[in-house]
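See below for the structure under consideration.
The values are calculated or read from the model by the stated rules, or taken from the named source; none is laboratory data. All values reported here derive from a predicted model rather than from experimental measurement. Glycine also receives a Cβ, built like all others from the backbone with ideal geometry; neighbour counts cover every protein chain displayed. Just the protein is used for accessible areas: all its heavy atoms, side chains included, with ligands, DNA and RNA removed. Shrake-Rupley method; radii C 1.70, N 1.55, O 1.52, S 1.80 Å.
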Amino acid sequence: MDRYAVIGHPVKHSRSPRIHALFAAQTGQTLDYDRLESAPEAFTQTVLAFAASGARGCNITVPFKFEAWQMAAHRTARAELAQSANTLRFDAGGWWADNTDGIGLVRDITQNAGVTLAGQRVLLIGAGGAAAGSLGPLIDTQPAEIVVANRSVAKAEALVARHQDWAAAQGVRLHATDLDHAGEAFDGVINATASSLGGAESPVRAGVLKPGALALDMMYGAAAAGFLAWAETHGAHGRDGLGMLVEQAAEAFTAWRGVRPDTGPVLAQLRTEL
Ligand code: NDP
């Protein structure tokens, strides 16, 4: 049977095996999808051993997305911009890498939530792996402006510098700032930080929210509750990261199996299980 896994540290809470099992059942694909815990220093050996055992590909989660990107012979343009990969396919002619986080985010916003980003002002909070994976696909939706705000401003500046030519080609104004100067009244606010794990409601002031704005936290479940409550309190529409999670998985599944699953029923099922 074709085998896949999600590799991370920690990985035991990952919903990916459940999501891919639902996709496989829905599309009639026969595959096995597991969780693989890897010690931080052992990622390379873990993934090499998994591939050598005959597996077909893997997803990669924290903290290995940069290493996964480095290991591939062929990379999609969005993985190249992100300098990180969450999906590997062990092709015989050289491993292929993609980063599907950003396209998953964009699909959830534009298709599942029905929100248009083109011509809008977007605030992306964070400059870690999830923000890096998201910026290129966000630029592709051609907002008027994207501000990247991060606690460590140098990381936001580096991320923005890498995407500046791409943004200019798409007619998108792009700049970096710290959390205190994130700006005012955005149409879309995306929290790609891990700040809520520390119990904070939001890493930025409520003035960033335009009335009726979309405020999406990439987290889901209890971890997203504080940010979503903050957003609703200040007149925005809160959205968690579960849709993004399902959509990024669908993109990986499509790359591996050549069949695109219908994400709607899978997202609905996961909501009942949360
Ligand atoms: P990283 O560790 O790469 O980055 C963490 C980011 O959070 C950095 O920008 C960091 O800022 C910021 N941060 C951490 N603590 C605080 C704080 N107390 N106050 C303000 N900023 C803080 O993590 P990832 O980018 O990989 O993941 C970020 C989040 O996105 C996670 O919660 C993850 O679960 C979620 N995620 C969800 C996905 C989905 O499909 N729904 C997919 C991928 C990620 P600094 O640079 O200053 O340290």
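What's the number of the condition A200 fails, among (1) near the ligand (Cβ under 10 Å from one of its atoms); (2) in a helix (DSSP H, G or I); (3) open to solvent by 30 Å² or more (accessible area, probe 1.4 Å)? Tallying (1) near the ligand (Cβ under 10 Å from one of its atoms); (2) in a helix (DSSP H, G or I); (3) open to solvent by 30 Å² or more (accessible area, probe 1.4 Å), A200 fails exactly one: (2).
Across segment 156-176, the number of residues qualifying as within 15 Å of the ligand (Cβ to nearest atom) and open to solvent by less than 20 Å² (accessible area, probe 1.4 Å) comes to 3.
Scanning segment 102-124 for residues that are within 13 Å of the chain's Cα centre (by Cα) and not acidic (D, E) returns G102, I103, G104, L105, V106, R107, I109, L124. In segment 233-241, the condition of being more than 15 Å from the chain's Cα centre (by Cα), assigned to a helix (DSSP H, G or I) and modelled with pLDDT of 95 or more is met by at least one residue. In segment 138-145, the condition of being without any contact (Cβ under 8 Å) to a residue 40 or more places away in the chain, of a type in the set (V, I, T), open to solvent by 10 Å² or more (accessible area, probe 1.4 Å) and under 17 Å from G212 (Cβ atoms) is met by no residue. For segment 1-18, give me the residue count where each residue is open to solvent by 60 Å² or more (accessible area, probe 1.4 Å) and part of a helix (DSSP H, G or I). Here the count works out to 1. Output the residue which, of all residues in segment 70-121 that are buried (at least 24 other Cβ atoms within 10 Å of the Cβ) and part of a helix (DSSP H, G or I), is farthest from the ligand (Cβ to nearest atom). The qualifying residue farthest from the ligand (Cβ to nearest atom) is A79. I need the full set of residues from segment 218-274 which are of a type in the set (S, T, N, Q) and open to solvent by 30 Å² or more (accessible area, probe 1.4 Å), in order please. Result: T233, T254, Q269, T272.
Of all residues in segment 126-177, those satisfying the criterion of being within 17 Å of G102 (Cα to Cα) and hydroxyl-bearing (S, T, Y) are S134, T141. So, of the residues in segment 178-191 that are more than 20 Å from L274 (Cβ to Cβ) and crowded, with 16+ Cβ neighbours inside 10 Å, which turns out to be farthest from the ligand (Cβ to nearest atom)? The selected residue is D187.
Note on segment 44-69: residues that are aromatic (F, W, Y) and more than 23 Å from G102 (Cα to Cα) amount to 1. Return yes when G133 is surrounded by fewer than 17 Cβ atoms within 10 Å (Cβ to Cβ), at pLDDT 95 or above and over 14 Å from D178 (Cβ atoms) and no when it is not. Spelling it out, it is not the case that G133 is surrounded by fewer than 17 Cβ atoms within 10 Å (Cβ to Cβ), at pLDDT 95 or above and over 14 Å from D178 (Cβ atoms).
Results for (1) free of Cβ contacts under 8 Å to residues at least 24 places away in the same chain; (2) open to solvent by 30 Å² or more (accessible area, probe 1.4 Å); (3) more than 15 Å from R3 (Cα to Cα); (4) among the basic types (K, R), shown as yes or no for each residue.
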position: H20; (1), (2), (3), (4): no, no, no, no
position: Y33; (1), (2), (3), (4): no, no, no, no
position: S38; (1), (2), (3), (4): no, no, yes, no
position: F43; (1), (2), (3), (4): no, no, yes, no
position: L48; (1), (2), (3), (4): yes, yes, no, no
position: A52; (1), (2), (3), (4): yes, yes, no, no
position: A55; (1), (2), (3), (4): no, no, no, no
position: C58; (1), (2), (3), (4): no, no, no, no
position: F66; (1), (2), (3), (4): no, yes, yes, no
